[in-house]
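This report refers to the structure that appears directly beneath it.
The values are calculated or read from the model by the stated rules, or taken from the named source; none is laboratory data. From a predicted model like this one, the values you see are computed outputs, not experimental measurements. Every residue, glycine among them, receives a Cβ derived from its backbone with ideal geometry; neighbour counts consider all protein chains shown. Areas reflect the complete protein model, heavy atoms only, side chains present, ligands, DNA and RNA absent. Shrake-Rupley method; radii C 1.70, N 1.55, O 1.52, S 1.80 Å.
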Amino acid sequence: ATETEAAARRIAAAATDQVDDAEPDTVKDLEVAREEVREVSLGKYYVTSYQLESNTTLRIDFDLFATVLATKEEEFQALYRQNQHRLSEQVHVTFRGAELTDLTDAGLGLIKRRILEKSNRTLGEPLLREVIFSQFSFVEQ
């Protein structure tokens, strides 16, 4: 939703010949914006989910990462240590409640948004900017 809103603002600004100051104008600005964000590990996950409708079991394995602003990394680490198990539980609940179509989405967009929203709520502050899956696989048995 955020990406769609930003794209709409850029299109509207281009149509009226306005410049959106919130978006980087040059490659150099884009590089600076990237430097301000750090990637942090949220752990390895092995989730098993029984699908009642199809009478199958899904085994889902992945490494979970997130991005945070470099200036907020220490604050995130402190809150993460305090809420690590709650975050883990939210990730498990999200995957157990996911539909098969959510898991087959190439970008895992809905699952990413749900984990991002639940994680930020658990931390008490919107510190996470993006959720990233690595080594994602799921097997239906």
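Numbers below:
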read-out: Some residue of region 117-130 being open to solvent by 30 Å² or more (accessible area, probe 1.4 Å), outside any loop (DSSP other than H, G, I, E, B), touching a Lys or Arg at 6+ places or on another chain (Cβ under 9 Å) and within 13 Å of G43 (Cβ to Cβ); value: no
read-out: Any hit, region 29-37, residues being open to solvent by 50 Å² or more (accessible area, probe 1.4 Å), assigned to a helix (DSSP H, G or I) and farther than 23 Å from T4 by Cα; value: yes
read-out: Scan of region 79-101 for residues that are β-branched (V, I, T) and touching a residue at least 40 places away in the same chain (Cβ under 8 Å), ordered by number; value: V91
read-out: Residue count, region 102-116 (criterion: open to solvent by 50 Å² or more (accessible area, probe 1.4 Å), out of contact with any helix residue (DSSP H, G or I) (no Cβ under 7 Å at 6 or more places or on another chain) and free of Cβ contacts under 8 Å to residues at least 60 places away in the same chain); value: 4
read-out: Failed item, numbered, when S49 is tested on (1) modelled with pLDDT of 70 or more; (2) surrounded by fewer than 14 Cβ atoms within 10 Å (Cβ to Cβ); (3) over 17 Å from the mean Cα position of the chain (by Cα); value: (2)
read-out: Count - residues of region 80-101 that are in a loop (DSSP other than H, G, I, E, B) and open to solvent by less than 70 Å² (accessible area, probe 1.4 Å); value: 2
read-out: Single unsatisfied condition, L42 versus (1) surrounded by 14 or more Cβ atoms within 10 Å (Cβ to Cβ); (2) more than 26 Å from F138 (Cα to Cα); (3) of a type in the set (A, V, I, L, M); value: (2)
read-out: Those residues of region 58-79 which are part of a strand (DSSP E or B) and either closer than 19 Å to L108 by Cα or open to solvent by 40 Å² or more (accessible area, probe 1.4 Å) (or both), in sequence order; value: L58, R59, I60, D61, F62, D63, L64, F65, A66, T67, L69
